[in-house]
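Since the structure comes first, as structure tokens, the remarks are kept for the end.
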Amino acid sequence: MQRVFSGIAPSGIPTLGNYLGAIRNWVRLQADHECLWCVVDLHAITVWQDPVALRQQTLEMTAALLACGVNPSEHILFPQSAVRAHVQLGWIFNCIARVGWLNRMTQFKDKAGKDRENASSGLYVYPNLMAADIHAYHATRVPVGDDQRQHLELANDIAKKFNHDYGMNFFPNIEPLVLGPAARVMSLRDGTRKMSKSDTSDQSRINLTDDPDMIALKIRRAKTDSLPIPSNLADLEERPEARNLIGIFAALLDADHATVLTNYGGMGFGPFKAALIELLVEKLSPIASETRRHLNDKGLIIRVLKTGAERAAAIADPIVAEVERIVGFM
Ligand code: AQP
């Protein structure tokens, strides 16, 4: 059975983008893979996190993952900082990855923005830690949203260079799993920017715990254009906001863009948005109420994370010990 690894930052309640681009696929992969799901708190602190809020957000993220169907008994769910192997291998990978490679990472440019000199050095080298997250388990498949594709290419480059430098085939190649019509869900306010937990505008995203009124408000206010919905996919090319809403609808239905256009082509956005609101409420309400139920039992969430960390360390520690031996550490 292939081993799968993926992570999510506890930087807020997951968004619809995190759900459709990643978490929903995680749940599906559990049927026929050995899975490790990681709440990546080490990644979160690459930008400032209030310590009290970070702990609370780790609990919230874990509760939301459980509510979405992540299964911590048959698979492993754990906080990144609780397994030291990530940091140990991350440092070795800092010494393998080339500065030129990191300079090409578009997410650093997006997140650091214009004030690059003031970004943390952790934000710059975070792709190396992400590579370590995966390779510490010899995982071979990584389900992610489209925004992480470049980081997975880097993880493969690091593995190849390590294997080449030390003359052995130690780290396997990683296959990115970028699945479905919502691999890149965009902001509801700007169809050219991805939907993100840390966007300053809450109106830009659907959070998995938004109630039906909030979902309705955000979708009604979602930016569109003045043209009706087209009947052909090609006519969505220059219409990022329309394409985004159609893509969300398609993903929720487990269909493709073309199917949605067959049903709604020629209509205005009013009736389409009403149908989208209904679908979102139907799919997300059970997740929101399950998240709240889990958050009422913080003891259980903490136990899940602790047990998960012990089981994750049991896999990663021997692999990273072998890396340290290969590198020449005593
Ligand atoms: N808009 C998106 N569409 C599709 N997939 C997405 N993902 C994130 N945003 C979208 C996928 O969700 C997984 C977890 O991402 P993350 O929390 O580790 O960090 P991120 O990619 O930086 O996501 P956010 O929501 O924008 O987080 P913050 O606010 O912390 O920066 C990944 O598989 C990602 O591809």
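The values are calculated or read from the model by the stated rules, or taken from the named source; none is laboratory data. Because the structure is predicted, anything quoted here is derived from the model rather than measured. Quick reminder, even Gly has a Cβ in these numbers, built from the backbone with ideal geometry, and neighbours come from all protein chains shown. In case anyone asks, the SASA skips ligands and DNA or RNA and just uses the protein heavy atoms, side chains included. Shrake-Rupley method; radii C 1.70, N 1.55, O 1.52, S 1.80 Å.
Overview of results
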item: Residue within segment 196-214 that is basic (Lys, Arg), within 13 Å of the ligand (Cβ to nearest atom), under 22 Å from PRO14 (Cβ atoms) and open to solvent by 30 Å² or more (accessible area, probe 1.4 Å) present; result: yes
item: So GLY268, is it within 26 Å of LEU217 (Cβ to Cβ) and open to solvent by less than 10 Å² (accessible area, probe 1.4 Å); result: no
item: Scope segment 138-166; condition polar (S, T, N, Q) and part of a helix (DSSP H, G or I); matching residues; result: GLN148, GLN150, ASN156, ASN163
item: Close pairs from segment 205-223: first in contact (Cβ under 8 Å) with a residue 40 or more places away in the chain, partner in a strand (DSSP E or B) and buried (at least 19 other Cβ atoms within 10 Å of the Cβ), Cβ under 8 Å, at least 6 apart; result: ARG205/THR15; ILE206/THR15; ASN207/THR15; LEU208/THR15
item: Condition broken by THR140, with the remaining ones in (1) within 16 Å of the ligand (Cβ to nearest atom); (2) touching a Pro at 6+ places or on another chain (Cβ under 6 Å); (3) closer than 22 Å to ARG84 by Cα; (4) touching a residue at least 60 places away in the same chain (Cβ under 8 Å) satisfied; result: (1)
item: Filter pass, PRO143 being open to solvent by less than 50 Å² (accessible area, probe 1.4 Å) and in contact with a His (Cβ under 6 Å, 6 or more places away or on another chain); result: no
item: Options LEU217, LEU179, LEU227: the member that is of a type in the set (A, V, I, L, M), within 11 Å of the ligand (Cβ to nearest atom) and either open to solvent by 30 Å² or more (accessible area, probe 1.4 Å) or assigned to a loop (DSSP other than H, G, I, E, B) (or both); result: LEU179
item: Output for segment 316-330, where each listed residue is in a helix (DSSP H, G or I) and either touching an Asp or Glu at 6+ places or on another chain (Cβ under 9 Å) or surrounded by fewer than 19 Cβ atoms within 10 Å (Cβ to Cβ) (or both); result: ASP317, PRO318, ILE319, ALA321, GLU322, GLU324, ARG325, ILE326, VAL327
item: Residues that are in contact (Cβ under 8 Å) with a residue 24 or more places away in the chain, assigned to a helix (DSSP H, G or I) and of a type outside the set (A, V, I, L, M), drawn from segment 121-137; result: GLY122, TYR126, PRO127, ASN128, ASP133, HIS135
item: Qualifying residue in segment 220-227 (condition: modelled with pLDDT under 95 and under 16 Å from GLY17 (Cα atoms)); result: no
item: Meets criteria (modelled with pLDDT of 95 or more, away from the ligand (no atom under 16 Å from the Cβ), open to solvent by 10 Å² or more (accessible area, probe 1.4 Å) and in a loop (DSSP other than H, G, I, E, B)) for ASN169; result: yes
